[in-house]
Amino acid sequence: MSENDDFYKKFNEDSSKSRRFKPNIFVPFISGALGAILVIGLAFGVPNIRKSLVTYNPNNSTNSNNNSSSNSGVVDLISLNNYSDTAVFAANKVLPSIVGIKVEYAVTSNFIQSISQIAQAEGSGIIISNDGYILTNNHIINSTDSSVYYEVSEATKVYVYLYNDETPYEATIVGTDEETDLAVIKIDKNDLTAAELGDSDSVKIGEFAMAIGNPLGMESSVTSGIISAVNRNVTSEDGTSYNLIQTDAAINSGNSGGALINAEGKVIGINTLKLSGSGIEGMGFAIPINDTIDIYKQLIDNGKVLRPYIGIGGVDLDEVTAKQYNLPTGIYIQEINSNTPAASSDLKRGDVITAIDGTKVNTMDELNDIKNNKKIGDEITLDIYRNGETKQVKITLAEKP
């Protein structure tokens with residue numbers, strides 16, 4: 001048995017416990033809308049709410065100055081007209097581009113197969129073209145679920161509600177991508193108002209932010225705040241890691257798929273996650289809009305995202321763990337999937353990947369970032385550690401199934 005094989009057995013025993021550890025504060029729940037589905041046989045409707053636009057007249061506001069000494073506890077008042085006007089402008093600009101989404105699922109009892117009910121979920125979406133393409137979250141329209149009590153099907157029907165239009169427009173699912181939690185749907189309608197996209201790479205901490213969507217069925221709701229952080233790495237309940245924009249603008253169930261916008265009314269993110277729990281307030285997250293553009297274009301063109309594929313399952317080795325087992329830092333290969341490029345190569349279970357095409361990698365995320373910038377059919381070179389020796393393995397990337 002090789003040195004790496006000894007590690008493989010012990011590492012699996014040790015890491016099985018560590019991988020189950022998830023601090024409660026960092027377990028965000030998806031702000032989509034499947035919570036109501038968990039009660040078998042019930043489908044909670046949300047009353048229709050007539051949407052109206054409140055206009056703002058700055059002349060109705062009053063400005064006052066108080067020159068009292070600051071020592072008295074009274075300070076000068078300043079006008080908030082500019083801030084209010086900014087919020088009104090941004091909301092007016094983007095509201096026609098935000099839609100409410102209602103999804104129907106079939107829920108079947110696992111005890112009495114003849115009992116099947118229709119459950120509903122709600123979310124939000126962003127119009128990205130005037131001919132009916134809408135960007136939203138994958139978990140809103142592609143959220144199959146099951147337990148010992150019930151099974152929830154894929155979406156049977158998807159309806160879209162436009163701004164100031166109570167007509168339900170049935171949508172078709174163009175494409176979904178679970179890895180990025182993005183999806184594109186389409187309605188048969190033209191002359192829509194497409195949202196203007198901003199540059200999420202230029203977002204700054206502390207700048208104005210507004211979330212717009214369909215929380216709890218309250219269509220065209222807006223909440224405002226600031227950008228709390230950028231490039232925030234967050235892991236969802238299913239273990240998927242996202243690089244997100246953090247905001248304190250309130251994001252609630254049903255806001256998923258809606259827009260996070262800047263002071264110019266431009267979309268800078270797709271509202272996706274929030275943290276929830278005792279003592280947690282104002283921690284919502286959005287997918288940077290720049291990260292969505294290539295994804296939604298591929299979904300429209302291909303119905304899916306074409307990604308290069310190696311075919312391994314690995315575990316990150318940090319310095320502490322690597323030193324404990326006398327291994328280098330890198331990615332420890334736990335699994336090699338059959339019928340994949342990895343299976344056709346010289347890679348073996350227990351190898352440690354230390355570099356790809358000459359670039360040092362310590363984590364699967366780093367490996368995937370480099371790999372995903374390659375094309376299907378490209379050849380890559382992996383530096384691996386095996387039994388005290390370093391060698392190189394060449395792999396031709398295939399399309400991920």
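The set of residues from the stretch 316-335 being part of a strand (DSSP E or B) and surrounded by fewer than 20 Cβ atoms within 10 Å (Cβ to Cβ) comprises ASP316, GLN334, GLU335. If you go through the stretch 386-401 and pick out every residue that is in contact with a helix residue (DSSP H, G or I) (Cβ under 9 Å, 6 or more places away or on another chain) and either outside any strand (DSSP E or B) or of a type in the set (A, V, I, L, M) (or both), you end up with 3.
When ILE310, ILE395 are checked against the criterion of being outside the structural domain of ASN243 (by TED's automatic domain parsing), within 30 Å of ALA183 (Cα to Cα) and not polar (S, T, N, Q), ILE310 stands alone in meeting it.
The residues of the stretch 210-229 that are not hydroxyl-bearing (Ser, Thr, Tyr) and not in a helix (DSSP H, G or I), listed by number, are MET210, ALA211, ILE212, GLY213, ASN214, MET218, GLU219, VAL222, GLY225, ILE226, ILE227, ALA229. Of all residues in the stretch 349-366, those being outside any loop (DSSP other than H, G, I, E, B) and modelled with pLDDT of 95 or more number 7. Return yes when THR340 is outside any loop (DSSP other than H, G, I, E, B) and either of a type in the set (S, T, N, Q) or touching a helix residue (DSSP H, G or I) at 6+ places or on another chain (Cβ under 6 Å) (or both) and no when it is not. Here the answer is no, as THR340 does not meet what is asked. Looking at the structure I just gave you, is SER278 farther than 20 Å from SER97 by Cβ, without any contact (Cβ under 8 Å) to a residue 12 or more places away in the chain, small (Gly, Ala, Ser) and assigned to a loop (DSSP other than H, G, I, E, B)? The answer is yes for SER278.
Looking only at residues in the stretch 371-388 that are within 17 Å of THR329 (Cβ to Cβ) and modelled with pLDDT of 95 or more, the one that is surrounded by the fewest Cβ atoms within 10 Å (Cβ to Cβ) is ARG386. Quick check, is LEU367 among the hydrophobic types (A, V, I, L, M, F, W, C), surrounded by fewer than 19 Cβ atoms within 10 Å (Cβ to Cβ) and touching a residue at least 12 places away in the same chain (Cβ under 8 Å)? Here the answer is no, as LEU367 does not meet what is asked. For the stretch 91-128, name all the residues that are more than 13 Å from GLY213 (Cα to Cα), at pLDDT 95 or above and within 21 Å of the chain's Cα centre (by Cα). The answer is ILE128, and nothing else.
How many residues does the stretch 188-209 contain that are in a helix (DSSP H, G or I) and surrounded by 15 or more Cβ atoms within 10 Å (Cβ to Cβ)? Summing the residues that are in a helix (DSSP H, G or I) and surrounded by 15 or more Cβ atoms within 10 Å (Cβ to Cβ) in the stretch 188-209 gives 1.
Exactly one residue out of ASP346, ASP383, ASP369 is part of a strand (DSSP E or B) and assigned by TED's automatic domain parsing to the domain that holds ASP318: that is ASP383. Can you work out which of the residues in the stretch 226-268 that are on the phi > 0 side of the Ramachandran plot and buried (at least 17 other Cβ atoms within 10 Å of the Cβ) is nearest to the chain's Cα centre (by Cα)? Taking the candidates together, the pick is GLY257. Would you say ASP294 is among the acidic types (Asp, Glu), out of contact with any Pro (no Cβ under 9 Å at 6 or more places or on another chain), over 25 Å from LYS360 (Cβ atoms) and not assigned by TED's automatic domain parsing to the domain that holds ALA121? Against the criterion (among the acidic types (Asp, Glu), out of contact with any Pro (no Cβ under 9 Å at 6 or more places or on another chain), over 25 Å from LYS360 (Cβ atoms) and not assigned by TED's automatic domain parsing to the domain that holds ALA121), ASP294 qualifies.
The values are calculated or read from the model by the stated rules, or taken from the named source; none is laboratory data. Quick caveat: nothing in here was measured; it's all calculated off a predicted structure. A quick note on method: Cβ atoms are made from the backbone with ideal geometry, for glycine too, and the neighbour counts reach across all protein chains shown.
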